[in-house]
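Data first, discussion second: the structure below is written as structure tokens.
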Amino acid sequence: MLTCLAIALQSHPLQAQSYCNVTSAAPYSANMPGMTNVKIGTINRTSGSVEGSSSFIQTGLSTNLEQGKTYTVSITHTKDAQSFPNARNNIRVWIDYNQNFELDDVGETVISADKQTPGVFTGSFTVPMTAKLGQTKIRITAKMSDDAGH
């Protein structure tokens, strides 16, 4: 499950907009693991593991983050207990700090935690003082790890 949220990096409150785009993503079954809750800043989004016919959700939600401050992310994630009873998930959180519409720049992977037992994962990150101010995106994933055959 991939969730796209928007954030605004700023010194004072503004509204952010999401610009994540995925052209194709589909669940393999109705039991597909996913995220059922994501909390960061003022965002507290609850959902089913699979929403509709896509494993990608663009929420349109936003929150404000500030340079130099530390934030906690809480991610409730599930597994496909029927097909992959031993599955754990790899959790990733990226923030496009330089606002170049890419999430592979140094420092933009803010949380990387492998083989997390399904349930509630909590991690934190600090927004660098060099982060560009304004609207940007955050991407959060919970994907099956290799101990499930992936």
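Here, each number is a calculation from the coordinates, and none is a lab measurement. Small disclaimer: the values here were computed from a predicted structure and weren't measured. Ideal geometry is used to build each Cβ from the backbone, glycine not excepted, and the neighbour counts take in all protein chains shown.
Distance between the modelled labels on ASN44 and GLU66, one decimal in nanometres: 2.1 nm (7 Å Cα→Cβ projection). Between ASN31 and SER124, the FRET efficiency estimated from the beta carbon spacing at R0 = 41 angstrom works out to 0.85. Residue by residue, region 131-144 carries 3J(HN,Hα) couplings of 4, 5, 6, x, 6, 8, 10, 10, 10, 10, 10, 9, 10, 4 Hz when phi is fed to the Karplus relation 6.51 cos²θ - 1.76 cosθ + 1.60 (θ = phi - 60°); x denotes Gly or Pro. Cross-link partners of LYS69 among lysines, defined as those whose alpha carbon lies under 19 angstrom from its own and excluding same-chain residues fewer than eight positions apart: LYS39, LYS132, LYS137. Close amide H pairs (under 5 Å, H built 1.01 Å from N) link ASN90 with LYS115, GLN116, LYS143, MET144, SER145, residues at least 5 positions away or on another chain. 3J(HN,Hα) along region 100-111, derived from phi through the Karplus expression 6.51 cos²θ - 1.76 cosθ + 1.60 where θ = phi - 60°, amounts to 9, 6, 10, 10, 10, 6, 3, x, 8, 7, 8, 9 Hz, with x in place of Gly and Pro.
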